[in-house]
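Notes to accompany the following structure.
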Amino acid sequence: MEETVFLTQHQPFVFSQIKKSVKHGRLAHAYLFEGDMGTGKHLLTSWLAKRLFCTEVVDNEPCGRCNNCLRIDAGEHPDVRLIEPEGQSIKVDQIRQLQQEFVRSGFESRLQFFTIRQADKMNASAANSLLKFLEEPQGDFVAVLETDAPGKILPTIQSRCQVLHFAPLNPAELAQRLTADGLTGESAKLLAGLTNSYQKAVEISQDEWFNDAKDAVAQWYLYLRKGDLAAFVYIQKKLTALAKEKEQQRLLLQMLMQAYRKERDELLVQQQNPLLFDNTRKSQLILEAEQKLAANVSFQNVSEQLVLRILQQTVGDD
């Protein structure tokens, strides 16, 4: 199954933990799955629901083919419920309706299973209603709350859940996931170098600014690589207009860093060891520029000083 393959590869710790709990009958009543979007939270929820209701379990794995597994995949199993935001939030009426349904046992078994996606979107009334439900559980159920913003979940709710952290995808895994979602390999690798958050990577990729910035930094890097003073002029000509916000300024410098890291990888493959020191030194200069930007030095000053230092380094090498 898709869930098993992904979770085994990318979330082996939490997957193993849940599998052992199911096998030994030690499941908690409520779980909080927290981690970045795209790290497999809902895949594990789906796996767990199918594992609990599957009629043809083999080696602690749901079959994915029986009537129950198929109905869960289709969202049609009467004892498996999903709550997610209506508009911008999860409202108290949604939680109350869930409570009313849980007064009785499951339609087809004693067990009931419910998931709250984006649980951090519960409004205050919904969160308090859920808290009361978790404090005074009725019937046999397993609840899974999913979130990428655990800080927005009431501490009292968290204390009544077993919290499982989903690790960020490593750069190679993240790039692979982004490519599978339709991004080009070049853009996926660049984004995976800018953030380890799938959600953030998708957010950046969907911003029209990203493509302009990617092309601009590629040109900036070419000027710098050739030791061309046009790299200095390019800051005012192009980059300052793209770097109006602090986050954009930081991303531009990080994109430049990714260009030098790509160069480093190529040098390693070509065994061009004499050039590696030069690459390392220029990468260090970019890191120092990022630190100055973080200390509230203006982007233009930081970038101009960086260009002069890199060009000086290039001239010195020549």
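The values are calculated or read from the model by the stated rules, or taken from the named source; none is laboratory data. Note that the structure is a prediction, hence the values are computed from the model and not measured. Using ideal geometry, Cβ is built from the backbone for each residue, glycine included, and neighbour counts are taken over all protein chains shown. Ligands, DNA and RNA are stripped out before the accessible areas are found, and what is left, the full protein with its side chains, is counted by its heavy atoms. Shrake-Rupley method; radii C 1.70, N 1.55, O 1.52, S 1.80 Å.
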Residue tally, condition β-branched (V, I, T), under 21 Å from L44 (Cα atoms) and in a helix (DSSP H, G or I), over region 121-160: 1
Just to be sure, is V80 open to solvent by 10 Å² or more (accessible area, probe 1.4 Å), aliphatic (A, V, I, L, M) and modelled with pLDDT of 90 or more? yes
Just to verify a result, which residue in region 108-158, among those that are in contact with a Phe, Trp or Tyr (Cβ under 6 Å, 6 or more places away or on another chain) and open to solvent by less than 20 Å² (accessible area, probe 1.4 Å), is farthest from H29 (Cα to Cα)? E146
Of all the helices (runs of 4 or more DSSP H) wholly in region 168-247, which have at least 3 residues that are within 30 Å of P12 (Cα to Cα)? 171-180, 185-194, 198-205
Of all residues in region 31-69 being acidic (D, E) and surrounded by fewer than 23 Cβ atoms within 10 Å (Cβ to Cβ), the one that is modelled with the lowest pLDDT: D36
Top-ranked residue of region 84-120 - restricted to ones that are at pLDDT 85 or above and in a loop (DSSP other than H, G, I, E, B), ranked as nearest to the chain's Cα centre (by Cα): Q118
With respect to Q162, is the statement that it is more than 23 Å from L7 (Cα to Cα), touching a strand residue (DSSP E or B) at 6+ places or on another chain (Cβ under 8 Å) and open to solvent by less than 70 Å² (accessible area, probe 1.4 Å) true? no
Candidates Q284, Q312, Q300, Q254 - the one that is in contact (Cβ under 8 Å) with a residue 40 or more places away in the chain and either open to solvent by 50 Å² or more (accessible area, probe 1.4 Å) or not in a helix (DSSP H, G or I) (or both): Q300
Picking from K214, K237, which residue would you name as being at pLDDT 90 or above, surrounded by 16 or more Cβ atoms within 10 Å (Cβ to Cβ), closer than 28 Å to E304 by Cβ and of a type outside the set (V, I, T)? K214
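If only one of A201, A192, A172, A180 is of a type outside the set (S, T, N, Q), open to solvent by 70 Å² or more (accessible area, probe 1.4 Å), farther than 24 Å from A49 by Cα and touching a residue at least 12 places away in the same chain (Cβ under 8 Å), which one is it? Write out each step before concluding.
On the way: A201 fails: open to solvent by 70 Å² or more (accessible area, probe 1.4 Å); A192 fails: open to solvent by 70 Å² or more (accessible area, probe 1.4 Å); A180 fails: touching a residue at least 12 places away in the same chain (Cβ under 8 Å).
Testing whether each residue is of a type outside the set (S, T, N, Q), open to solvent by 70 Å² or more (accessible area, probe 1.4 Å), farther than 24 Å from A49 by Cα and touching a residue at least 12 places away in the same chain (Cβ under 8 Å) leaves just A172.
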